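First comes the structure, then the notes that go with it.
What follows is calculated from the coordinates using simple rules that are stated; it is not laboratory data. Owing to the predicted nature of the structure, the values given are computational and were not obtained by experimental measurement. In this analysis, Cβ positions are derived from the backbone assuming ideal geometry, glycine residues included, and neighbour counts consider all displayed protein chains.
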Amino acid sequence: MSIKTRLNYSPNFNSVKRKPKEIKFIIFHYTGMKKESAAINRLTNIQSEVSCHYLIKNNGEIIILVPDLYISWHAGRSSWRNYKSLNKNSIGIEITNLGHKFNYKKFSKKQIVSLLILSKFLIKKYNINQKNILGHSDIAPERKKDPGEKFPWKYLAKNKISLWHNLQAKNLKNVRSCKINDIDKKIFFNNVFKIGYSKKTPKNISNDKYQVFIIKAFQRRYRQELINGILDKECLIISKNLIKKNR
C-alpha cells in the first residue's frame, strides 16, 4: 500500500482467523465523536467492545487497528441481501468526523485521498464487488446515519469504488418532490430490497417507521441534497436506474 500507515491494535476482535474469500464487503463509518483521540481510545478500549480494521484520521493518516483476516466489531446488528451480522464478511473503515450529533461536516481532502488508495487496495486484494461497498446506514438503517449525506459516494463511484446512478442532476431535480402512487411505492421498495436493503422489519419498530428509515438511508446515499424520508418520483427513478447496475 503506497500510503503511510500506523499500527495501534485493538483488542476487540474475534480470535479465530477467517479465510480471505470470506471477505465480501467494505463498510464505511464515521467516528461521530468530538475528539479524534477519544475515538481512537474507544476503538482500542476493551470495555467498549467496538473496533474496526482501519481508521482514517483528519490528516489522512491511516491507522490499522485490526488485521484484515480477523473479524472486528464494527457493524453490529446488520443485514444486506442474504447476509446477516456483516462483521464476519466485511472490512470496516472508520473515518474521523464529528457526525450528526456534533456539527457534521465534510470529510477532508486528505481523508478522501487516503480512502481512495485504501479502498482500491482492498478491492483488488479481496476481489470485492463494487455492489458490496456500503455505508453503515445501508446495513443498519434503523440504527445508523453514517457515513452520512456529506460522504462523497458519487466521487468514489467515478473512481470505481461503489455504485452510483448515471442520471442527469437537472432531470432529477425536475421531478424532486413529485408525488407517486401506491403502485410506484411498491416498485421502489421492491427495487431497494433487490439492491440489498433488508426486507425484514426489526423488532419493536412498526413497518411504516422502518420504511421511513429505509428511505432516509437511500436518500443519504443516492439523493444527498434532501433527506426527508418522503418517497417521491426522483427516488423512484434513481432506484430503477440502480437496479440495472445491480444485475
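If you look at the Cα atoms of the range 1-64, you get an Rg and a Dmax of 12.7, 36 Å.
Phi angles across the range 14-21 convert, under the Karplus curve 6.51 cos²θ - 1.76 cosθ + 1.60 with θ = phi - 60°, into 3J(HN,Hα) values of 6, 6, 8, 6, 9, 7, x, 5 Hz, Gly and Pro given as x. In terms of its C-alpha gyration tensor, the range 5-158 has a rounded overall shape, because the principal axis ratio a/c (a ≥ b ≥ c, square roots of the eigenvalues) stays below 1.5. Only helices enter the 222 nm calculation for the chain: every DSSP H run of n ≥ 4 contributes -39,500 (n - 2.57), and dividing by all residues gives -10500 deg cm²/dmol, rounded to 500. Among the GluC sites (Glu not before Pro) within the range 1-57, those in coil by DSSP and having at most 13 neighbouring Cβ atoms inside 10 Å are 49. Shown here for the range 174-221: trypsin sites (Lys or Arg not before Pro) in loop regions (DSSP other than H, G, I, E, B) with at most 10 other Cβ atoms within 10 Å, namely 179, 200, 203. Would you work out which of 111, 20, 188 lies farthest towards the positive end of the dipole of the chain, given +1 charges on the beta-carbon of Lys and Arg and -1 on that of Asp and Glu, about the Cα centre? Ranked along the dipole, the leading option is 188. The Cα atoms of the range 169-245 give a gyration tensor whose axes a ≥ b ≥ c have a/c of 1.5 or more with a/b greater than b/c, which makes the shape prolate.
Residues whose amide H falls under 5 Å from that of residue 91, counting only those 5 or more places apart or on a different chain, are 25, 26, 27, with hydrogens built in the peptide plane. Taking Lys and Arg as +1 and Asp and Glu as -1, the other residues whose beta-carbon sits under 14 Å from that of residue 7 total +1.
Rounded to the nearest whole Hz, the Karplus-based 3J(HN,Hα) values (6.51 cos²θ - 1.76 cosθ + 1.60, θ = phi - 60°) of the range 109-117 follow the sequence 4, 5, 5, 5, 4, 5, 5, 4, 5, with x at glycine and proline. Computed from point charges on the beta carbon alone (+1 for Lys and Arg, -1 for Asp and Glu), the dipole magnitude for the chain about its Cα centre is near 580 Debye.
Compute the acute angle (0 to 90°) between the alpha-carbon long axis of helix 207-222 and the principal axis of greatest extent of the alpha-carbon atoms of the chain; round to the nearest 10°. The two axes meet at around 70 degrees. Past the 25 Å Cα-Cα mark, which pairs from 19/131; 124/145; 120/173? Correct reply: 124/145; 120/173.
Near residue 204: Cβ cut-off under 15 Å, other residues only, Lys/Arg at +1 and Asp/Glu at -1. The net charge is +3. Couplings 3J(HN,Hα) for the range 48-64, derived from phi with the Karplus relation 6.51 cos²θ - 1.76 cosθ + 1.60 (θ = phi - 60°), are 6, 6, 9, 6, 7, 7, 9, 10, 9, 6, 4, 7, x, 5, 9, 9, 8 Hz, where x marks Gly and Pro.
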